[in-house]
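Below you'll find the structure, written out as structure tokens, and then a few comments.
Derivation of every value follows stated rules applied to the coordinates shown; laboratory data play no part. Please read these numbers as outputs of a predicted model, since none were measured by experiment. Here Cβ is always computed from backbone atoms with ideal geometry, including for glycine, and neighbour counts include all displayed protein chains.
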Amino acid sequence: MPNRKTEIKPEKTLSSKYIFKGAAINLRLDAVRTGDGRHTTREIVEHEDAVVIVPIDSKDNVLLVSQFRTPLGKNLLEVPAGGIDKGEDAEAAVIREMQEETGYMPRKVVFLAGFHSAPGFTNEYLHCYLAMDLKPSRLEAEDTAGIEVIRVPLAKIREMIFSGEIQDAKSIAGLLLTLEYLKKK
């Protein structure tokens, strides 16, 4: 970790108020005092932890999903991902999400890393996994009707990231972590 010339003082939360509570997210407005004593507000999106999954089949294809993303008004090519249900551990969520989004169940799951998705405005934490030894096993979910599974050779992934064909941050992080993991194997 780089040396810091000055110690950064933490912000102190003075009050919190919920602006919106929904099924997937909550929006909270916090009044804070910054480390240098100024008063300001922070808009915070609360979201449960989630899993990011990089599935690789027996022919070294990555299973990506193409789905319409309403905030962007277009389809994105992404790795499977989804929330961790209450009482569920991350690995169980990987298996469930894989079955729901791709129709495959991984028999081998490897934890790669964990990271915050956008710490400037959300508390969401992502658990990233590699999923292998896939067997057909579909679980129906109500929100996966518009998902199309796209098989991409592992050798093309880096090119797709750097050409901008894959634009989703969690997918880029998960795919680059996977490439690094496989390089070391």
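For a protection proxy built on the mean count of beta-carbon atoms within 10 angstrom, sort 122-135, 36-49 highest first, please.
122-135, 36-49
With only Lys, Arg, Asp and Glu charged, each at its Cβ (+1 for the first two, -1 for the last two), find how big the charge dipole of the range 32-85 is about the Cα centre; round to the nearest 20 debye.
320 debye
Here are several values of Rg/Rh (Cα atoms, Kirkwood Rh): (1) 0.95; (2) 1.03; (3) 0.98. Which one was derived from the coordinates shown?
(2)
Which aspartates and glutamates have a Cα less than 15 Å from the Cα of residue 12, not counting those fewer than 8 places away in the same chain?
30, 36, 43
Along Cα→Cβ, 7 Å out, is where each label goes; now give me the distance between the ones at residue 133 and residue 150 in nm to one decimal.
The two pseudo-label positions are separated by 3.0 nm.
Out of the range 59-112, which trypsin sites (Lys or Arg not before Pro) are coil in DSSP terms and have no more than 11 other C-beta atoms within 10 Å?
59, 86
Do the sum for the chain: with -39,500 (n - 2.57) for every DSSP H run of n ≥ 4, divided by all residues, what is the mean residue ellipticity at 222 nm, to the nearest 500 deg cm²/dmol?
-5500 deg cm²/dmol
Return the sequence-ordered ³J(HN,Hα) values of the range 171-181 in whole Hz as given by the Karplus equation 6.51 cos²θ - 1.76 cosθ + 1.60 applied to θ = phi - 60°, using x for Gly and Pro.
5, 4, 4, x, 5, 5, 4, 5, 4, 5, 4
On a straight-distance basis, which lysines could pair with residue 86 in a cross-link, Cα separation under 21 angstrom, same-chain partners fewer than 8 positions away excluded?
Within reach: 21.
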